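These notes are about the structure you will find just below.
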Amino acid sequence: MATDAQPDHDAEVERLFALVRDRYGDRLTPAQLDDVKKGVEGIVMAARALRTVKLRNTDEPFPPFVPHRGRP
Amino acid sequence: MSESPVFLPIRRLAELVRARAVSPIALAETFLDRLEKIGPQYNAVVTVTRERAMAQAKRAEQEIAAGRSRGPLHGIPYGAKDLLATSGGIPTTWGAAPLREQRFDDDATVIRKLEEAGAVLCAKLAMVELAGGMGYRQPHASFTGPGINPWRLDAWSGGSSSGSGSAVSAGLIPFAIGSETWGSILSPAGYCGISGLRPSYGRVSRHGAMALCWTLDKLGPLALTAEDCGLVLEAIAGADPDDPSTSNREWRYDAREVTGRRFAFGVIKGVTVGCEEAVGANFERSLETLRSIGSVEEVELPDLPWEAVTRTILQVEAASAFEDFIAAGTIAQLTAHEDHHSAYARDAILAKDYMKALRLRGVMAREVDRVLSRFDALVGPGRANVSPGLDQEFRSAIRGSAPDLMGAIGNGAGLPAICVPNGFGDRGLPTSLQFMGRVYEENTVLAAARAWQSLTDWHLQHPPGSLATRPS
């Protein structure tokens with residue numbers, strides 16, 4: 001584990017990329033797969049930035065959920 | 001009429017139409033001819049809607065002759081980004097080759113509202129395929145060809161509202177409707193040297209518009225001046241039962257004189273970091289001008305991953321909106337080679353991280369509103385650079401390869417912003433300035449931009465040769 005309690009960056013990229021490759025690898029060229037992997041690296045980088053921020057328990061998703069009531 | 005209607009602002013055109021100094025039919029014919037003859041030079045047009053335009057123009061002419069006025073857009077030609085549904089067999093392609101025959105039975109709410117205001121739909125305008133939602137990174141990303149900048153034919157028009165930007169800039173149409181999820185109005189406005197207004201989220205109904213990201217998509221005007229943007233926004237704003245995101249707050253354009261009004265401007269610390277040198281220099285000069293009409297104060301925002309928040313939300317919503325399209329592999333038929341596969345990576349976004357982005361979005365909305373409550377507007381460069389070349393891969397905040405703090409916050413928090421020209425940079429291409437305000441404060445950012453345009457003449461400059469009726 002990394003010191004910030006997040007999985008190692010490279011290992012996380014490899015695991016998530018493996019998921020994407022398993023799903024779509026048969027329709028992609030090696031060059032396209034390399035490009036997709038770069039995309040996964042960017043996603044992991046963004047996710048790790050989000051995870052570094054501490055929020056309160058009451059910080060709910062925005063916009064908040066609004067229940068629906070039809071007519072009448 | 002001795003005055004050419006090309007490059008006249010809407011207010012002036014409306015005066016001429018109302019006084020019957022110019023006929024809506026003649027006006028429509030002028031702009032239809034320009035769209036047909038010059039539009040292809042910029043890859044600006046998907047469909048010229050001549051039949052519908054002439055029917056609307058004839059009706060406008062009859063109504064005006066009978067003394068009935070529908071307001072300042074009555075008889076005024078316009079173009080709509082080709083993600084807005086139009087009835088009558090007119091294709092709505094979303095810029096995507098696999099959808100080039102797509103048609104809808106009904107008009108989008110915005111198209112309907114503009115018809116009610118008497119505006120004349122002359123063209124469906126070119127756009128980046130699927131509004132750029134599949135991760136394009138160079139201009140060749142539409143089946144109509146790359147959007148070409150009227151200021152330089154080897155430069156990009158910006159996107160994804162590419163044709164909306166180039167058509168207004170080249171005088172092919174007095175105003176256009178574009179859409180913005182992150183940058184798609186401000187980018188073509190900035191690169192093409194015109195004015196583009198991104199309204200508050202929920203100000204304008206998206207019913208009948210292609211959905212890219214339900215919580216980020218906005219529709220707004222691109223025009224020659226800030227005032228024109230205000231006139232158009234008044235016609236298209238308002239609640240719509242068909243779009244539950246729309247606000248019930250009524251909105252009227254405040255056209256009161258801005259001369260003598262003082263403004264409080266904020267500048268986010270480091271907002272020019274990563275900008276091209278000329279962009280930074282023009283921004284500094286702009287601040288000097290703005291100091292003549294108000295205060296300018298540097299502000300700091302909390303150090304949070306603003307761009308990651310908006311980017312994560314955008315990528316997840318776009319992946320969901322086009323889930324079937326992506327899963328079926330239809331993206332392989334798109335024009336940009338990178339759009340054939342880039343979206344697959346988004347399966348790697350974890351639900352927990354997406355939820356964190358949504359929770360941080362609340363922090364973002366509260367923090368920026370707290371900062372903005374002290375100001376009329378935050379100002380910054382409209383774009384960090386001038387338009388890239390047509391064959392150049394560009395940097396993008398959406399992909400995380402370029403800074404766009406104001407774009408991330410403004411779109412993430414649903415804030416209004418207007419982009420206006422403020423000079424020229426590398427290769428003689430326009431640079432721009434943006435004013436971003438509190439949510440629902442479109443009139444405040446419009447007033448600031450109008451004050452800016454009353455002090456400068458960048459908005460009066462047009463691409464060389466653009467008054468010609470045929471490509472030179």
### Message
The conditions are (1) part of a loop (DSSP other than H, G, I, E, B); (2) surrounded by fewer than 18 Cβ atoms within 10 Å (Cβ to Cβ); (3) facing another protein chain (nearest Cβ under 9 Å), and A:ARG71 fails exactly one of them. Which is it?
### Response
(3)
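From the set of residues in segment B:315-330 that are small (Gly, Ala, Ser) and outside any loop (DSSP other than H, G, I, E, B), which is farthest from the other protein chains (Cβ to nearest Cβ)? So that I can check it myself, show each step before the final result.
The first filter runs over segment B:315-330 and keeps only residues small (Gly, Ala, Ser), leaving B:318-321, B:327-329.
Filter once more, keeping what is outside any loop (DSSP other than H, G, I, E, B): B:318-321, B:327.
Numbers: B:ALA318: 13, B:ALA319: 11, B:SER320: 15, B:ALA321: 17, B:ALA327: 9 Å.
Checked segment B:315-330; the qualifying residue farthest from the other protein chains (Cβ to nearest Cβ) is B:ALA321.
Test B:ALA357 against the stated conditions and say whether it is within 14 Å of chain A (Cβ to nearest Cβ), in contact with a Cys (Cβ under 8 Å, 6 or more places away or on another chain) and outside any loop (DSSP other than H, G, I, E, B). Write out each step before concluding.
Working: within 14 Å of chain A (Cβ to nearest Cβ): yes; in contact with a Cys (Cβ under 8 Å, 6 or more places away or on another chain): no; outside any loop (DSSP other than H, G, I, E, B): yes.
When the stated conditions are applied, B:ALA357 does not pass them.
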### Message
Checking the structure you have, find out if any residue of segment A:25-36 is surrounded by 18 or more Cβ atoms within 10 Å (Cβ to Cβ), touching a helix residue (DSSP H, G or I) at 6+ places or on another chain (Cβ under 6 Å) and within 30 Å of B:ASP303 (Cα to Cα).
### Response
yes
#### Entry: Scope segment A:15-24; condition of a type outside the set (D, E, K, R), surrounded by fewer than 19 Cβ atoms within 10 Å (Cβ to Cβ) and within 8 Å of another protein chain (Cβ to nearest Cβ); matching residues
A:LEU19
### Task
Identify the single condition in (1) within 14 Å of chain A (Cβ to nearest Cβ); (2) assigned to a helix (DSSP H, G or I); (3) not hydroxyl-bearing (Ser, Thr, Tyr) that B:ALA131 does not satisfy, given that it satisfies every other one.
(1)
#### Entry: All positions within segment B:418-449 that are surrounded by fewer than 24 Cβ atoms within 10 Å (Cβ to Cβ) and either in a helix (DSSP H, G or I) or among the charged types (D, E, K, R) (or both)
B:ASP426, B:ARG427, B:GLY428, B:ARG438, B:GLU441, B:ASN443, B:THR444
### Message
Against the definition (on the phi < 0 side of the Ramachandran plot, over 19 Å from the mean Cα position of the chain (by Cα) and aliphatic (A, V, I, L, M)), how does B:ALA451 come out, yes or no?
### Response
yes
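Given the criterion surrounded by 20 or more Cβ atoms within 10 Å (Cβ to Cβ) and more than 14 Å from chain A (Cβ to nearest Cβ), identify the matching residue among B:VAL279, B:VAL273, B:VAL296. Reasoning before the result, please.
Values: B:VAL273 fails: surrounded by 20 or more Cβ atoms within 10 Å (Cβ to Cβ); B:VAL296 fails: surrounded by 20 or more Cβ atoms within 10 Å (Cβ to Cβ).
One residue alone meets the criteria, B:VAL279.
Name the residue, out of B:ARG262, B:ARG256, B:ARG252, that is surrounded by fewer than 18 Cβ atoms within 10 Å (Cβ to Cβ), in contact with a strand residue (DSSP E or B) (Cβ under 7 Å, 6 or more places away or on another chain) and within 30 Å of B:ARG12 (Cβ to Cβ).
On the way: B:ARG256 fails: in contact with a strand residue (DSSP E or B) (Cβ under 7 Å, 6 or more places away or on another chain); B:ARG252 fails: in contact with a strand residue (DSSP E or B) (Cβ under 7 Å, 6 or more places away or on another chain).
Answer to the selection: B:ARG262.
Just wondering, is there one or more residues in segment B:331-352 that are of a type outside the set (Gly, Ala, Ser), away from chain A (no Cβ under 12 Å), assigned to a loop (DSSP other than H, G, I, E, B) and on the phi < 0 side of the Ramachandran plot? Show your work before the answer.
To start, the set of residues in segment B:331-352 that are of a type outside the set (Gly, Ala, Ser) comprises B:331, B:333-335, B:337-341, B:344, B:346-347, B:349-350, B:352.
This time we only want the ones that are away from chain A (no Cβ under 12 Å), so: B:333-335.
Imposing the further condition that a residue be assigned to a loop (DSSP other than H, G, I, E, B) reduces the set to B:334-335.
If we keep only those that are on the phi < 0 side of the Ramachandran plot too, we end up with B:334-335.
Yes.
Residues B:GLU51, B:GLU63, B:GLU36: which one is at pLDDT 95 or above, more than 20 Å from B:ALA117 (Cα to Cα) and either acidic (Asp, Glu) or buried (at least 24 other Cβ atoms within 10 Å of the Cβ) (or both)?
Values: B:GLU51 fails: more than 20 Å from B:ALA117 (Cα to Cα); B:GLU63 fails: more than 20 Å from B:ALA117 (Cα to Cα).
So the residue among B:GLU51, B:GLU63, B:GLU36 that is at pLDDT 95 or above, more than 20 Å from B:ALA117 (Cα to Cα) and either acidic (Asp, Glu) or buried (at least 24 other Cβ atoms within 10 Å of the Cβ) (or both) is B:GLU36.
Assess whether B:SER179 counts as being touching a strand residue (DSSP E or B) at 6+ places or on another chain (Cβ under 9 Å), of a type outside the set (Phe, Trp, Tyr), over 25 Å from B:ARG361 (Cβ atoms) and modelled with pLDDT of 95 or more. Show your work before the answer.
Numbers: touching a strand residue (DSSP E or B) at 6+ places or on another chain (Cβ under 9 Å): yes; of a type outside the set (Phe, Trp, Tyr): yes; over 25 Å from B:ARG361 (Cβ atoms): no; modelled with pLDDT of 95 or more: yes.
Spelling it out, it is not the case that B:SER179 is touching a strand residue (DSSP E or B) at 6+ places or on another chain (Cβ under 9 Å), of a type outside the set (Phe, Trp, Tyr), over 25 Å from B:ARG361 (Cβ atoms) and modelled with pLDDT of 95 or more.
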### Task
Mind listing whichever residues of segment B:34-79 are assigned to a loop (DSSP other than H, G, I, E, B) and touching a residue at least 40 places away in the same chain (Cβ under 8 Å)?
B:ILE38, B:ASN43, B:ALA44, B:THR49, B:SER69, B:ARG70, B:GLY71, B:PRO72, B:LEU73, B:HIS74, B:GLY75, B:ILE76
### Message
Need the failing condition index for B:GLU284 against (1) more than 10 Å from chain A (Cβ to nearest Cβ); (2) surrounded by 23 or more Cβ atoms within 10 Å (Cβ to Cβ); (3) of a type in the set (D, E, K, R), just the number.
### Response
(2)
### Task
State which residue pairs qualify: first residue within 7 Å of chain B (Cβ to nearest Cβ) and small (Gly, Ala, Ser) and inside segment A:39-50, second residue in a helix (DSSP H, G or I) and surrounded by 20 or more Cβ atoms within 10 Å (Cβ to Cβ) in any location, beta carbons under 7 Å apart, and separation of 6 or more residues or different chains.
A:GLY39/B:SER342; A:GLY39/B:ALA345; A:ALA46/B:ALA308; A:ALA46/B:ARG311; A:ALA46/B:THR312; A:ALA47/B:ASP353; A:ALA49/B:ALA308
### Message
Suppose we keep only residues that are closer than 19 Å to B:ILE349 by Cα and at the interface with chain B (Cβ under 7 Å from one of its Cβ atoms) within segment A:25-38. Which one would you say is nearest to the chain's Cα centre (by Cα)?
### Response
A:VAL36
### Query
For segment B:175-262, list the strands (runs of 3 or more DSSP E) that sit wholly inside it and hold at least 3 residues that are under 20 Å from B:THR444 (Cα atoms); which are they?
B:195-198, B:218-223
## Note on the structure
Among (1) more than 11 Å from chain A (Cβ to nearest Cβ); (2) more than 23 Å from B:ARG438 (Cα to Cα); (3) free of Cβ contacts under 8 Å to residues at least 24 places away in the same chain, B:GLY260 falls short only on (2)
### Query
Is it true that some residue in segment B:375-395 is within 12 Å of another protein chain (Cβ to nearest Cβ) and of a type in the set (A, V, I, L, M, F, W, C)?
no
### Task
Test A:VAL53 against the criterion of being among the aliphatic types (A, V, I, L, M), part of a helix (DSSP H, G or I) and either surrounded by 10 or more Cβ atoms within 10 Å (Cβ to Cβ) or more than 10 Å from chain B (Cβ to nearest Cβ) (or both), and give yes or no.
no
### Task
Check off (1) more than 8 Å from chain B (Cβ to nearest Cβ); (2) surrounded by 14 or more Cβ atoms within 10 Å (Cβ to Cβ); (3) part of a loop (DSSP other than H, G, I, E, B) for A:PRO61 and give me the number that stays unchecked.
(1)
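The values are calculated or read from the model by the stated rules, or taken from the named source; none is laboratory data. Treat the numbers as computed from the prediction; the structure is a model and nothing was measured. Glycine also receives a Cβ, built like all others from the backbone with ideal geometry; neighbour counts cover every protein chain displayed.
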